[in-house]
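Presented below is the structure to which this report refers.
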Amino acid sequence: MINDDILKAIETGAAIEIEYTKSDGTTSVRRLSEVQFSDEYGKAYIDAFCHLRNERRSFKIDRISRVTFVDSAGGSSGQTDLPDQPYMFNGNKRIFALYGNDYN
């Protein structure tokens with residue numbers, strides 16, 4: 001069901017809210033828009049604009065425990081507001097390996 005909801009969000013451009021558990025076990029709720037499969041990590045990951053961090057982020061699909069469709073006001077079902085500026089690569093950001101190791 002989670003995979004079906006993610007595929008629907010990708011196909012329709014809908015915004016979603018996910019419950020996500022990081023590799024260290026911490027859980028957070030993220031509101032995502034512009035959802036797509038990751039070009040970098042493949043179809044086991046999604047890439048999306050994260051409204052909590054205000055930037056594009058990658059999420060491992062099997063760490064997503066809940067998907068809810070949201071509208072621009074944060075309610076259920078619909079589209080979300082898109083960021084004012086396109087994503088810009090930040091060469092100063094830390095990157096992470098697939099298994100959680102930090103690289104500087």
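For the range 55-71, give me each residue that is β-branched (V, I, T) and at pLDDT 95 or above.
I61, I64, V67, T68
I6: crowded, with 17+ Cβ neighbours inside 10 Å and in contact with a Phe, Trp or Tyr (Cβ under 6 Å, 6 or more places away or on another chain), yes or no?
For I6, the condition - crowded, with 17+ Cβ neighbours inside 10 Å and in contact with a Phe, Trp or Tyr (Cβ under 6 Å, 6 or more places away or on another chain) - is not met.
Out of all the residues in the range 17-57, which are over 18 Å from F69 (Cα atoms), small (G, A, S) and exposed (fewer than 15 other Cβ atoms within 10 Å of the Cβ)?
If the condition is that a residue be over 18 Å from F69 (Cα atoms), small (G, A, S) and exposed (fewer than 15 other Cβ atoms within 10 Å of the Cβ), then S23, G25, G42, A44 are the ones that fit.
Filter the range 18-54 for residues that are among the small types (G, A, S) and part of a strand (DSSP E or B); which is modelled with the lowest pLDDT? Give the derivation first.
Taking the range 18-54 and keeping what is among the small types (G, A, S), we get 23, 25, 28, 33, 38, 42, 44, 48.
Filter once more, keeping what is part of a strand (DSSP E or B): 28, 33, 38, 42, 44, 48.
Numbers: S28: 96, S33: 97, S38: 93, G42: 85, A44: 94, A48: 97.
Applying the filter and picking the extreme gives G42.
The values are calculated or read from the model by the stated rules, or taken from the named source; none is laboratory data. For clarity, every value in this text was computed on a predicted model and none was experimentally measured. For neighbour counting, all protein chains shown are included, and Cβ atoms are generated from backbone atoms with ideal geometry for every residue, glycine included.
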